[in-house]
1. For the pair residue 221/residue 144, report the inter-label distance in nm, with labels modelled 7 Å from Cα in the Cβ direction.
2. When only C-alpha pairs under 8 Å and at least 6 residues apart count, what is the relative contact order of the stretch 301-428, in percent?
3. Which pairs in the list 197/252; 197/313; 176/197; 147/176 are over 22 Å apart, alpha-carbon to alpha-carbon?
4. Looking at the square roots a ≥ b ≥ c of the eigenvalues of the Cα gyration tensor of the stretch 184-283, which shape do they give, rounded for a/c under 1.5, prolate if a/b is larger than b/c, or oblate?
5. What is the stretch 83-196 by shape, rounded, prolate or oblate, if you read a ≥ b ≥ c off the alpha carbon gyration tensor as root eigenvalues and call it rounded for a/c under 1.5, prolate for a/b larger than b/c, and oblate otherwise?
6. Using modelled backbone amide H atoms (1.01 Å from N, in-plane), which distant-in-sequence or interchain residues come within less than 5 Å of residue 358's amide H?
7. Below 8 Å, C-alpha to C-alpha, sequence gap of six or more: please give me the relative contact order for the chain in percent.
8. For residue 28, what is the net charge nearby, where nearby means another residue's Cβ is under 13 Å from its Cβ and Lys, Arg count +1, Asp, Glu -1?
Amino acid sequence: MTVKQFSRTIIGMLDTLKQQDLTAWEIAQAELSRQRNGLEMIASENFVSLAVLEAASTVLTNKYAEGYPGKRYYGGNQFIDQAENLAIARAAQLFGAEHTNVQPHSGSQANQAAYLATLNPGDTVLGMSLACGGHLTHGHPISSSGKIYHFIHYGVSKESEQIDFDEVKALAKEHKPKVIVAGASAYPRQIDFVKFKAISDEVGAYLMVDMAHIAGLVAAKLHPDPIPVADIVTTTTHKTLRGPRGAMIFCKTQDRLHLEDKKNLAQKIDSAVFPGIQGGPLEHIILAKAVALQEALQPSFAAYQQQIITNAKILETIFLQNGLRLISGGTDNHLLLVDVTAVNLSGKEAENLLASCEIYVNKNAIPFDTRSPMDPSGIRLGTAALTTRGLKETEIKLVGEWFCQILKNPTDAAKHDQIKKEIAGLLEQFPLYPQINS
Ligand SMILES: Cc1ncc(COP(=O)(O)O)c(C=O)c1O
């Protein structure tokens, strides 16, 4: 099928939706228009290809497929098995893990399954604190992870604002966790997984890496690879990896800490996902994961990931020239964490101000933040989505300048209007989903 024919499928689908349920269609169209007309700089977001979008809207959504390929609890799964095996094979080719599970519905559930596979309630885990860049599911008290397990948290050094491995080691030795979690949601630097592994080995803990944010960079070999090092690696599929909303888990086959157990680590992970925490897998999304993984196997994907980093580095330079303070002084990856109190704004004010000019970022705590989580000192932004849209050096420089002009002139409505016009002019040159009718 050609791209043109695929496009017709989508257009046809939305036309049916429009005829049958105008309210729902209008919501979808309004969101499409928002995505088209704004600068999407939320570090955890991206735009999937039309092929991924179409795979996610296939009839595979109709099928119950509890279990795994070849071992389902329902009949009629011969094609579903093909879809899931395709996703597993492509993930294995891309990441080279000994075992891959493509069923987790989300990153949070992937982490939940990883904990269920390795821990009992009350067991001790060492993870990065939310305040220093970790994720809620790394043991925050309001998350089930923090309620079920006994999490201890490491942070970053006050001086460098980077992971302090002396602290990680000291905490690991003191608390003897069963699992050490590496990986983050708001950490602009590369993470040294080998150092984490050495500490895990010293205290007899599993190493679990949550590479949700950096999976695309890892796939392109532009970030140290956790898969050869860690026992378990979880990832979302929808951030830098540019797939549908969902997740995957990679692991070693052997449970090196419990070789005597009847189940190996791969079996423990699979039964933690199903029936441990999930029922029927979202096979339409698994098909879309397969499509995204095939895209990630193309040489153009590595070039795309390199451009993400190049674009982030350009923003780093422009932000620093404009007097913004960057957490850890800059970035090595796709994201930047900016302390906006340096320009007399709070994170919430900066988020709202930028959104009023069609630039989307999120407010974010910075390490050692003295402000409240609902209105912290920082904003977090990334370059994956704009890079997908096609913005390169020339355009990202413009974006960086507009960004700083808005933050430095928060009440200058005329300037904001002018910038909004310029953003609209720029984005016209980089149409988003032009095949979908407005
Ligand atoms: C590091 C990390 N892990 C897990 C998650 C959770 O993913 P999801 O929102 O799909 O549950 C996120 C989401 O932002 C994340 O950044």
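No lab work stands behind these numbers, since they all come straight from the coordinates. Note that the structure is a prediction, hence the values are computed from the model and not measured. Every residue, glycine among them, receives a Cβ derived from its backbone with ideal geometry; neighbour counts consider all protein chains shown.
1. With each label placed 7 Å out from Cα toward Cβ, I get 3.9 nm.
2. Working: 186 pairs, mean separation 33.8, N = 128.
26 percent.
3. Details: 197/252 14 Å; 197/313 29 Å; 176/197 14 Å; 147/176 19 Å.
Where the Cα-Cα span goes over 22 Å, the pairs concerned are 197/313.
4. Details: a/c = 2.40, a/b = 1.09, b/c = 2.20.
The shape class here is oblate.
5. Details: a/c = 1.97, a/b = 1.45, b/c = 1.36.
Because a/c hits 1.5 or more and a/b exceeds b/c, the stretch 83-196 counts as prolate.
6. Those qualifying (amide H under 5 Å, at least 5 residues apart or on another chain) number zero.
7. Details: 860 pairs, mean separation 93.8, N = 438.
Dividing the mean separation by the residue count of the chain yields 21 percent.
8. On the way: positive: 18, 34, 36; negative: 15, 21, 26, 31.
Overall, the nearby charge balance is -1.
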